[in-house]
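The values are calculated or read from the model by the stated rules, or taken from the named source; none is laboratory data. Just so it is clear, the model here is predicted, and its values are computed rather than measured. Reconstructed Cβ throughout: ideal geometry from the backbone, glycine too, with neighbour counts over all protein chains shown.
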Amino acid sequence: MAGIAGCGTESNPDGAALTAVATTTQVADLVSNVGGRRVAVDRMLEPNSDPHGYEPRPSDAAAVAEADVVFRSGGEVDDWLGDVIENAGGDADSVDLGEEIGADGDDPHWWQDPRNAIRAVGRIERALSDADPTGAHRYRANARVYISKLRRLDRDVAACIERIPSSQRKLVTTHDALGYYADRYGIEVLGALIPSLSSAAQPSAGDVERLVDQIERLGVQAIFPESSLNPKLERAVARETGASVGRALWADTLGPHGSSGDTYVRSIRSNTAALVDGLTGGRQHCTPGTRRAASRRARRS
């Protein structure tokens, strides 16, 4: 597939009516689901890369200059895009999804709540339809199907989290990236090893010591690293506290093709399965999307 040089191409179907640029892996996946084969999506960030430390390349400006629509995640995650747009030229419409859906405060990780992804899909559908009125009916149909899938995901995640005793729903991660998820599903975020909304920040010895005390006092079962970051600190804290190191979470990025987080939906499913397993000490298992099928099989047997 021929993409814009230097950009990670998410999809570039033959005969596409539009070219869209998406800053992050999550946004690229949402746009691809709405656009289908009618939209070529060029993704700036590669899978399993940390957006907080990204430095734009000349090819990013070229991509923006040639695009019909530019979709950004918004907030601190991709605030570097402003300079790219300013230097790129072109006449692409720029859509800030975080701003459009009313993301809370300074936390840019809005996609961790599937209800926000649903709102983002609605905004993407309108932007693509404005840029390509001839394809509006197709974008509406694609958005309708995908929103139905996201609503089912939200229900299944909630059902899985219910398997975790309420006293054990205490979350410690690498950095503050799962606040929206935790708020949606009734999980208490005790803290993060990097106490910042950006993974580029550095933890202090005092911050880590306070978190260690809290983990020990509350009997936290597991600490969860992030897929795109080195888990060295998590392992050290786990050794000191007796907590286990849970499976890595997809926080700021999706994963490469074939991984458990290679799409937005699969990333949320994978995170949920990891949390249920880790926070119950392996006594409960639940993967959204497979729960109901398992229940039906049990009833038939």
So which pairs qualify, if the first residue must be in the stretch 241-258 and basic (Lys, Arg) and assigned to a loop (DSSP other than H, G, I, E, B), the second must be at pLDDT below 90 and surrounded by 23 or more Cβ atoms within 10 Å (Cβ to Cβ), the Cβ gap must be under 7 Å, and the two must be at least 6 apart or on different chains?
-> none
Every pair of residues 6+ apart whose Cβ atoms lie under 6 Å, when the first sits in the stretch 260-275 and is surrounded by 23 or more Cβ atoms within 10 Å (Cβ to Cβ) while the second is among the charged types (D, E, K, R) | Tyr264/Asp29
Taking first residues from the stretch 90-103 that are in the same structural domain as Gly122 (by TED's automatic domain parsing) and second residues anywhere that are among the aromatic types (Phe, Trp, Tyr), the pairs with Cβ under 7 Å that are 6 or more apart or on different chains are Val95/Phe71; Leu97/Phe71; Gly98/Trp110; Ile101/Trp110; Ala103/Trp110
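One line per residue, one yes/no per condition, for (1) among the basic types (Lys, Arg); (2) at pLDDT below 90:
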residue	(1), (2)
Asp29	no, no
Asn33	no, no
Val39	no, no
Arg43	yes, no
Ser73	no, no
Gly105	no, yes
Pro108	no, no
Trp111	no, no
Could you please let me know if Tyr181 is in a helix (DSSP H, G or I), buried (at least 23 other Cβ atoms within 10 Å of the Cβ) and assigned by TED's automatic domain parsing to the domain that holds Arg283?
-> yes
Leading residue by the ranking (surrounded by the most Cβ atoms within 10 Å (Cβ to Cβ)) among those in the stretch 33-83 that are of a type outside the set (Val, Ile, Thr), assigned to a strand (DSSP E or B) and touching a residue at least 40 places away in the same chain (Cβ under 8 Å) | Phe71
If you take just the helices (runs of 4 or more DSSP H) that sit entirely in the stretch 85-169, which of them hold at least 1 residues that are hydroxyl-bearing (Ser, Thr, Tyr)?
-> 114-131, 136-161
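This table checks each residue for (1) over 15 Å from the mean Cα position of the chain (by Cα); (2) modelled with pLDDT of 95 or more; (3) assigned by TED's automatic domain parsing to the domain that holds Val27; (4) surrounded by 19 or more Cβ atoms within 10 Å (Cβ to Cβ).
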| residue | (1), (2), (3), (4) |
| --- | --- |
| Leu211 | yes, no, no, yes |
| Gln221 | yes, no, no, yes |
| Pro225 | no, no, no, yes |
| Glu234 | yes, no, no, yes |
| Thr241 | yes, no, no, yes |
| Asp277 | yes, yes, no, yes |
Restricted to the stretch 114-151 and to residues being among the basic types (Lys, Arg) and touching a residue at least 40 places away in the same chain (Cβ under 8 Å), the residue surrounded by the most Cβ atoms within 10 Å (Cβ to Cβ) is Arg138
